[in-house]
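Inspection log for the structure reproduced underneath, given as structure tokens.
Where a number appears in this text, it was derived from the coordinates with a stated rule and is not lab data. It should be emphasised that the depicted structure is a prediction, and the values quoted were computed from it without experimental measurement. Glycine also receives a Cβ, built like all others from the backbone with ideal geometry; neighbour counts cover every protein chain displayed.
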Amino acid sequence: MSATLFTCRHTFEATLCVELARLGVTRTEILLPGLVLAPESARDLDPVYALQVLPAAHLIRGASIREISLAVQEVALPVLQAGEGPWDVHAIVPGMLKGTPKPPMARRAGLIAEAMLADLRKDQRAVWRRRQEQGSDTCALVQLLLLDNEAAWVSAAPVRALPPLAAWPCRVPAGLAVVADDDGAPASSYRKLLEAITCMGMQPLPGQQAVDLGASPGGWTHVLRRAGVHVTAVDRAPLAPHLMRDPQVRFVTGDAFAWRPEAQVDWLVSDIIAFPERVAELLQAWCGGQLARHMIVQMKFRGEPDWLALQAALDVARTCGYAARAKHFFNDKNEVTLMLTMVPHG
Ligand SMILES: C[S@@+](CC[C@H](N)C(=O)[O-])C[C@H]1O[C@@H](n2cnc3c(N)ncnc32)[C@H](O)[C@@H]1O
């Protein structure tokens, strides 16, 4: 019997269970911090509060690295043999889900994955040739979540492309984007913008134009400037001095909800603290006027998530011709990140 596992930001497991119940999945169980068990039937869901999905997951056991590796292969091989494109392996341990820098058992999980890869290289030449190369899009994913020295969950499944917004399962291990420390950033909030950019699979490019609403003190503007993007930052409070001095940053003092660009920009990013229902209003103006090609917009909650406001905002975007997805990232607090991109015509 297989199951579906979802990873999430630890401490948000109950919220993920509530969301799954709203999606019709009532039999859920919190297995570990950052890990929720659901029935096999939940495998195609893309919950906002899930960072990663492990579809068709099997609980396997083995007394040694060799034995576990063989059990992983038994689950993975049929999927890899049936697939056509590149594939990848993610070795996950529980500590990763809590953001532990050097989590226990990471080495053992890596050795199990390596043992499996060595066997495939030796015995499964056709499968081995399709092993993911740098830069290619993964079409199938083997995920190994080591629970203790002798037990692991293993998922092997095709990766569903969600064009133009990313893929599911997510192509980064446990759905946790690696965010490099940046001591020059004026606020730690730069981390959640980098997670969103990774999740979207779309990089802001040098020379592009962006608008940052609710920009102070400038964590997000800092990220965009590092990417070489020209930024118009709108807030009532100023940005950090190095950004105020930057000739490629235009700072506008005023109401971020009322401000509009004269022509379409490449990116709108917004981290304004406001009632959740105001996000739909903002998107109505920006998506309705096609004022930005890509958007990353935070919706902040007080207490429980406002599911209706979130759905309303996504509906507005989609009605206006944007692909829209929302995620609660590891660095998000009581807020979710909406990611939008214009769907090309034709
Ligand atoms: C969470 S902070 C933004 C942090 C920013 N993204 C960063 O990385 O540094 C929210 C900002 O929204 C601004 N804000 C809230 N309502 C606003 C409004 N109506 N107009 C302009 N700024 C607003 C606040 O002044 C505050 O600086």
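So here's what we get for this one:
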item	result
Long-range neighbours under 9 Å by Cβ, at least six apart or interchain, first residue in a strand (DSSP E or B) within region 141-159, second of a type in the set (Lys, Arg)	Leu141/Arg171; Leu146/Arg108; Ala151/Arg61; Ala152/Arg61; Ala157/Arg43
Residues (within 10 Å of the ligand (Cβ to nearest atom), farther than 14 Å from Ile296 by Cα and more than 21 Å from the chain's Cα centre (by Cα)) located in region 208-227	Ser216, Pro217, Gly218
Complete set of residues in region 187-207 that are over 20 Å from the mean Cα position of the chain (by Cα) and within 12 Å of the ligand (Cβ to nearest atom)	Ala187
Any hit, region 206-223, residues being in contact with a Gly (Cβ under 6 Å, 6 or more places away or on another chain), in a loop (DSSP other than H, G, I, E, B) and free of Cβ contacts under 8 Å to residues at least 24 places away in the same chain	yes
Elements of type helices (runs of 4 or more DSSP H) in region 1-117, at least 2 residues being over 30 Å from Lys300 (Cβ atoms)	65-82
Filtered residues of region 58-86 (kept if within 17 Å of Ile112 (Cα to Cα) and within 22 Å of the chain's Cα centre (by Cα))	none
Residue match in region 53-64 (condition: closer than 24 Å to Glu335 by Cα, in contact (Cβ under 8 Å) with a residue 24 or more places away in the chain, out of contact with any Phe, Trp or Tyr (no Cβ under 7 Å at 6 or more places or on another chain) and not acidic (Asp, Glu))	no
Test: residue in region 161-184 that is within 8 Å of the ligand (Cβ to nearest atom) and in a loop (DSSP other than H, G, I, E, B)	no
Residues satisfying the stated conditions in region 283-303, i.e. over 21 Å from Pro206 (Cα atoms) and touching a residue at least 60 places away in the same chain (Cβ under 8 Å)	Gln298
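Results for (1) surrounded by fewer than 19 Cβ atoms within 10 Å (Cβ to Cβ); (2) small (Gly, Ala, Ser); (3) assigned to a helix (DSSP H, G or I); (4) within 16 Å of the ligand (Cβ to nearest atom), shown as yes or no for each residue.
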{"residue": "Ala237", "(1), (2), (3), (4)": "yes, yes, no, yes"}
{"residue": "Pro261", "(1), (2), (3), (4)": "yes, no, no, yes"}
{"residue": "Leu283", "(1), (2), (3), (4)": "no, no, yes, yes"}
{"residue": "His294", "(1), (2), (3), (4)": "no, no, no, no"}
{"residue": "Ala312", "(1), (2), (3), (4)": "yes, yes, yes, no"}
{"residue": "Arg318", "(1), (2), (3), (4)": "yes, no, yes, no"}
{"residue": "Phe329", "(1), (2), (3), (4)": "no, no, no, yes"}
